[in-house]
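Quick notes on the structure that follows.
Since every read-out is calculated from the coordinates, none of them should be taken as a lab result. The shown structure was predicted, so the numbers you read here are calculated from the model rather than taken from an experiment. Ideal geometry is used to build each Cβ from the backbone, glycine not excepted, and the neighbour counts take in all protein chains shown.
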Amino acid sequence: MPDPGAPPDAPADLMEKVVGLCKRRGFIFPSAEIYGGFRSTYDYGPLGVNLLRNVKNAWWEAMVQRRDDVVGLDAAILSPPAVWEASGHLSNFTDPLVDCRSCHQRWRADKIDGVCPACGSTEFTQARAFNLMFKTHAGPVEDEGAVAYLRPETAQGMFTNFANVLQTTRKKPPFGIAQVGKSFRNEITPQNFVFRTREFEQMELEYFVPPAEAQHWFEYWLDERYRWYTGLGIPPSELRLRHHDADELAHYAVATADVEFLFPWGWDELEGVANRTDADLMAHARASGERLEYFDQPTGERYVPYVIEPAAGATRAMMAFLLSAYHEDEIGGEPRTVLRLHPRLAPYQIAVLPLSKKETLEPLAREVLASLQVHFMCDYDVTQSIGKRYRRQDEVGTPWCVTVDFDSIADRAVTVRDRDSTDQVRVPIDGLVEELRRRTDRA
Ligand code: GAP
């Protein structure tokens, strides 16, 4: 049986297959596994760290590098209660929590449809508000004065630094501050692999605009963000936009729309785009006594900008890219697993494979590897037959294998094999970097 909601050509048990591949090939490991694992936390292995880094770099390139209206920030993860008091997270960032009266498991009241998923009981305790922030103490004394929180979103760092960034960059609305980094939420029911975890990475933009332009920029960013995912290979059939009803809105937003992905369990949130109005800047201005507004010298106009916020999860996006890329097909009657990852995202863009282990091939293969490593993330593999090595690279999404054979020594050319078509062409070593760059740019 295919998973409910999975695309028609997706393999049955897509989720199990991708989770298995992640463990087997070194994308994602259960954290502290030698001690039995630790409650839905995960470590990103040698391939996963490359893929995750590529997702974040692609986001940074689109959102910061290629724009002159967005600047970056890397704010602290630990922050004082005053920030979360002002932002409303201390009182509002809660989930309704219930206990099953029969098996005593704890659930989010809004996620269980009136029946305990563990034992089927319909008897629960009254729902109570459970704050999702991780609380800790800064310094050696564990009293109220030392309380600190691990940020549950990167966004507040952009609001508390609004005046600093404005003064140092001389930006003028519409302009944005972007940040990529870890966030922490004490989720009651972390689930679905890295879809919902307690420690995760976000990629957020706070885009400050004149209030009258807020709706225009809300629609602009929704469109941009949808196109970012399709540009990196997720087909439109696996993506949709969904506008929130009024009763779904977070405490800070007047309008939100999600970019949703067709996960194996059905449509679910990949990223949210919200109109946060001037609520955050106003709240921090009130609480801190600082002026958090924009003063337009030529017109003498002074106003608090509205904020449009595209907020994505890096780890959740990585999972969507993996699920979407996973395919099973046949090559010459042989079944193969292939990750059709966009070349910009693939953990390795190139694998250099000397045809044989014979020492005569090694110096040239290493020369080719060294010239490619300047430009691409490369793997180098001399084990097993060439067919098996191609399939190992297909399974982790390497778009191109470069095979160095005995003719290469005489003709200074190598064979480039394409992951998706499996076509092979001979390319002179001298023009190899340019050829592979052309292919990456075309993808
Ligand atoms: N600053 C707004 C904000 O944080 P959000 O919808 O709560 O909004 C934004 O989070 C994105 O962060 C989500 O769309 C999702 O991709 C990711 N995210 C949120 N909670 C997560 C969790 N527990 N595990 C993994 N990713 C999460």
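Between GLU123 and MET282, what's the calculated FRET efficiency when r is the beta-carbon distance and R0 is 45 Å? Round to 0.05. Could you put the intermediate results ahead of the total?
Numbers: r = 44 Å, r/R0 = 0.97.
So the FRET efficiency works out to roughly 0.55.
For segment 169-207, which trypsin sites (Lys or Arg not before Pro) are in a loop by DSSP, counting at most 12 other Cβ atoms within 10 Å? Please list the in-between numbers first.
Details: sites: ARG170, LYS171, LYS182, ARG185, ARG196, ARG198; in loops: ARG170, LYS171, ARG185, ARG198.
Those satisfying the criteria are ARG170.
The dipole here belongs to the chain: it is taken about the Cα centre, uses +1 on the Cβ of Lys and Arg and -1 on the Cβ of Asp and Glu, and is about 840 debye. Take the Cβ atoms of LEU132 and LYS358, set R0 to 60 Å, and the FRET efficiency comes out at 0.55. Label-to-label distance, GLU248 versus ASP407, with points set 7 angstrom from Cα along the beta-carbon direction: 5.7 nm.
Think of the chain as a dipole: +1 on every Lys or Arg Cβ, -1 on every Asp or Glu Cβ, centred on the Cα centre; then among PHE124, ILE177, LEU52, LEU52 lies furthest on the positive end. Axis angle, to the nearest 10 degrees, between helix 279-288 and the longest C-alpha principal axis of the chain: 60 degrees.
Computed on segment 64-134, with alpha-carbon pairs under 8 angstrom and 6+ residues apart, the relative contact order is 30 percent.
With a cut-off of 14 Å between beta carbons, the residues surrounding PRO305 carry a summed charge of -4, where Lys and Arg count +1 and Asp and Glu -1. Where in segment 276-306 does the amide nitrogen come within less than 15 Å of the point 7 Å from the Cα of VAL71, taken along Cα to Cβ? Flagged as within label range: 293-295. A crude spin-label estimate for the pair LEU241 and VAL147, with each label 7 Å from Cα along the Cβ direction, gives 4.0 nm.
Take the Cβ atoms of ASP430 and THR168, set R0 to 51 Å, and the FRET efficiency comes out at 0.65.
Between the amide H of VAL70 and those of GLY176, distances stay under 5 Å, these residues lying 5 or more places away or on another chain, with hydrogens modeled in the peptide plane.
Excluding GLU206 itself, calculate the net charge of residues whose Cβ lies under 11 Å from the Cβ of GLU206, where each Lys or Arg counts +1 and each Asp or Glu counts -1.
On the way: positive: ARG276; negative: GLU153, GLU204, ASP280, GLU309.
For residues surrounding GLU206, the net value is -3.
For the chain, the relative contact order comes to 14 percent (Cα pairs under 8 Å, sequence separation of at least 6).
As a rough guide to protection, the peptides 149-157, 18-26, 108-116 ranked by mean Cβ packing within 10 Å, highest first, stand as 149-157, 18-26, 108-116.
The slack between THR422 and TYR35, meaning 0.36 nm per residue of separation minus the straight C-alpha distance, is 135.1 nm. Ranking PHE321, ALA246, TYR380 by Cα position along the charge dipole of segment 239-384, where only Lys, Arg, Asp and Glu carry charges on their C-beta atoms, puts TYR380 farthest toward the positive end. Packing, as the average of other Cβ atoms within 10 Å across residues, places the peptides 363-370, 138-145, 121-128 in the order 363-370, 121-128, 138-145, highest first. Taking the C-alpha atoms only, the angle from helix 432-442 to the longest principal axis of the chain is near 40 degrees. Looking at segment 348-442, the DSSP beta bridges with both ends there are about 55 percent antiparallel.
Can you show me the helix-derived [θ] at 222 nm for the chain, built from DSSP H runs with n ≥ 4 at -39,500 (n - 2.57) apiece and divided by the number of residues, rounded to the nearest 500. It would help to have the intermediate numbers written out before the result.
Details: 13 runs with 131 residues, N = 443.
It comes out at -8500 deg cm²/dmol, rounded to the nearest 500.
In terms of the mean number of neighbouring beta-carbon atoms within 10 Å, the peptides 272-281, 404-413 order highest first as 272-281, 404-413. Loop-located chymotrypsin sites (Phe, Trp or Tyr not before Pro) in segment 214-308 (DSSP state not H, G, I, E or B) with no more than 16 neighbouring Cβ atoms inside 10 Å: TRP265.
Placing a label point 7 Å from the Cα of LYS111 along the Cα-to-Cβ direction, no residue of segment 213-251 has its backbone N under 12 Å from that point.
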